[in-house]
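Here is the structure we will look at, set down as C-alpha cells.
We did not get these values from a lab; they are worked out from the coordinates using the rules stated. Everything numeric here is computed off the predicted structure, so don't read it as measured data. We place every Cβ from the backbone using ideal geometry, glycine too, and count neighbours over all the protein chains shown.
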Amino acid sequence: MTQDLHHTLDAVGPRLKRLRLRGGVTLADLARETGLSTSTLSRLESGLRRPTLEQLLPLARVHGVTLDELVDAPPTGDPRINLRPVACADGSAILPLTHRPGGIQAYKFILPTGDDRQEPQLRTHEGHDWVYVLNGTLRVVLGEHDLKLEPGEAAEFDTRTPHWFGSTSAGPVEYLSLIGKQGERAHVRAAPKKRAVG
C-alpha cells in the first residue's frame, strides 16, 4: 500500500467524526442508520480501524456526502459544487455552499417548525457569525436579547457571547450563515442567565 493511500485512509476517521458531530448525531443514532455497530463506528472515527467500501457507502449516504468527499479525493477540475444537504437528528438540514480549504465557509440552514416554548441551549465559541434570513422567522437569542429576524434581515456578532438559533411556531426557516475557521470549532455549552419574573 502506498504512503499516499495510507495517509488518505488515516484521514477518514477524523473526517467521519467531524461530520457526525456537525450533524448532532450520536454513535447510537448512526449505528441505527447505517447498520454498523457503535464499536465499529467508534474505532473507525478514532483511526483504530481502516474503513472498507462496505462501511463507507452507508456512512456517505447518511452524512449526505459523496465517497470522494468522504475520502478527500483529489479535485477533478470541475468548478461545480456538489450541493448535498446533511440531515440532522432534529429534522434540520445543513447545506454546505463552499468546499474550499480554510477561510470563510458559507452554509444554508433549514430548520423545521419550532416550539415557541423551547428553552434555548446557549453556546459559545471563538470567532464571529453572520446570518441572513431567506424565508420564515429566525429566533436568535444573543446574551440577554431574544430577537426574531424576518426575511431580508441579517445579524452579526462575536460568538463568545452566548447564542442560539431556532425557528418559531410560525413555520420553518431558511437562513444563510458565514462561518470562519474559528467558528467551526466545537461549541461549548453556556448556561443561560435566569430571567427575573415580575
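Ranked from largest, the principal axis spans of the Cα set of the range 3-71 equal 34, 22, 21 Å.
Can you work out the PRE-style zone for Arg61? Point 7 Å along Cα to Cβ, and I want the residues of the range 18-40 with backbone N under 17 Å. It comes to 29-37, nothing else.
Using 0.36 nm per residue and subtracting the Cα-Cα separation, the extra length available between Leu95 and Glu54 on full extension is 12.2 nm.
Working from label points 7 Å from Cα in the Cα-to-Cβ sense, the Arg18 to His145 distance is 3.1 nm. Potential lengthening of the chain between Thr161 and Asp29 amounts to 44.5 nm, from the contour at 0.36 nm per residue minus the alpha-carbon distance. Between Arg43 and Leu176, the simple spin-label model (points 7 angstrom out along Cα→Cβ) gives 4.5 nm.
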